[in-house]
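Sharing a structure here in structure tokens format.
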Amino acid sequence: MTRDRVSAAYDAHYDVMRYIAARRFGVPPADVRPLIHDVFVAFIRHSGGIGDERGWLVAAVTNACRKYWRDRKTGDDLPELTDSREIHSSVNARVDAIRLLQQLPKRCRTVLWLRFAEGLSPEEIALRCAASTSGGYGRQMIHRCLRAAREALSAMQERS
């Protein structure tokens, strides 16, 4: 890729990318420029297969913004278990979770355990379960397993 092509793409599409990150996704101003920089690094790496620069850059910055917020999502703190009714409810929830997990394929049980019990990142899950370093593939596995869990939960509720 020539330096002129990258420079021209940067000049032509930077404002659109900044608008998408700042206005559409609400990325803080201090983080917009580094995020767009990372997108342009990917642009340089994949330049051989890019036909529509604007379309590719818009999709890439959109995905980068989604990843930005996904990485910053905090889990809700667990409630204090001081009331015996809450403890009973917690035990029931755990039993239901175990029953649900038993309905899933072994691979999904493993993926969901690694993600939610051990707190592994999608990249680590992809590496451990599929010998891939792609975080996208790891997120895809998590998504598919969560979908399978939702379907199994619906089936369990219909039987009840």
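The values are calculated or read from the model by the stated rules, or taken from the named source; none is laboratory data. Bear in mind that the values here come from a model prediction, so they are computed numbers and not experimental data. Neighbour counts are summed over all protein chains in view; Cβ atoms, including those assigned to glycine, are modelled from backbone coordinates with ideal geometry. Areas reflect the complete protein model, heavy atoms only, side chains present, ligands, DNA and RNA absent. Shrake-Rupley method; radii C 1.70, N 1.55, O 1.52, S 1.80 Å.
Looking at region 1-31, which of the residues that are among the aromatic types (Phe, Trp, Tyr) and open to solvent by 40 Å² or more (accessible area, probe 1.4 Å) is farthest from the chain's Cα centre (by Cα)? I'd like the intermediate steps shown before the answer.
Filtering region 1-31 down to residues among the aromatic types (Phe, Trp, Tyr) leaves 10, 14, 19, 25.
Now drop any that are not open to solvent by 40 Å² or more (accessible area, probe 1.4 Å), which leaves 10, 19, 25.
Working: Tyr10: 27, Tyr19: 22, Phe25: 15 Å.
Applying the filter and picking the extreme gives Tyr10.
Is there a residue in region 139-160 that is among the acidic types (Asp, Glu), open to solvent by 100 Å² or more (accessible area, probe 1.4 Å) and modelled with pLDDT of 85 or more?
Start the filter on region 139-160 by keeping residues that are among the acidic types (Asp, Glu), which leaves 151, 158.
Subsequent filtering for residues that are open to solvent by 100 Å² or more (accessible area, probe 1.4 Å) retains 151, 158.
Checking which are modelled with pLDDT of 85 or more leaves us with 151.
Yes, region 139-160 contains at least one residue that is among the acidic types (Asp, Glu), open to solvent by 100 Å² or more (accessible area, probe 1.4 Å) and modelled with pLDDT of 85 or more.
Can Arg54 be described as in contact (Cβ under 8 Å) with a residue 40 or more places away in the chain, out of contact with any Ser or Thr (no Cβ under 6 Å at 6 or more places or on another chain) and open to solvent by 90 Å² or more (accessible area, probe 1.4 Å)? Steps first, please.
Numbers: in contact (Cβ under 8 Å) with a residue 40 or more places away in the chain: yes; out of contact with any Ser or Thr (no Cβ under 6 Å at 6 or more places or on another chain): yes; open to solvent by 90 Å² or more (accessible area, probe 1.4 Å): yes.
Answer is yes for this residue.
Cys129 - would you say it is at pLDDT 85 or above, over 13 Å from the mean Cα position of the chain (by Cα) and either under 25 Å from Ala60 (Cα atoms) or of a type in the set (A, V, I, L, M, F, W, C) (or both)? Walk me through it before giving the result.
Values: at pLDDT 85 or above: no; over 13 Å from the mean Cα position of the chain (by Cα): yes; either under 25 Å from Ala60 (Cα atoms) or of a type in the set (A, V, I, L, M, F, W, C) (or both): yes.
No: the conditions fail for Cys129.
Looking only at region 32-50, filter to residues that are open to solvent by 50 Å² or more (accessible area, probe 1.4 Å) and under 23 Å from Ser134 (Cα atoms); which one of those is farthest from the chain's Cα centre (by Cα)?
Step one: of region 32-50, the residues open to solvent by 50 Å² or more (accessible area, probe 1.4 Å) are 33-34, 37-38, 44-46, 48-49.
Cutting the leftovers down to under 23 Å from Ser134 (Cα atoms) gives us 34, 37-38, 44-46, 48-49.
Values: Pro34: 19, His37: 20, Asp38: 17, Ile44: 23, Arg45: 22, His46: 21, Gly48: 26, Gly49: 24 Å.
Only one residue tops the list, namely Gly48.
Which residues, taken from region 110-138, are without any contact (Cβ under 8 Å) to a residue 24 or more places away in the chain, closer than 24 Å to Arg94 by Cβ and open to solvent by 70 Å² or more (accessible area, probe 1.4 Å)?
Passing the criteria: Trp113, Phe116, Glu118.
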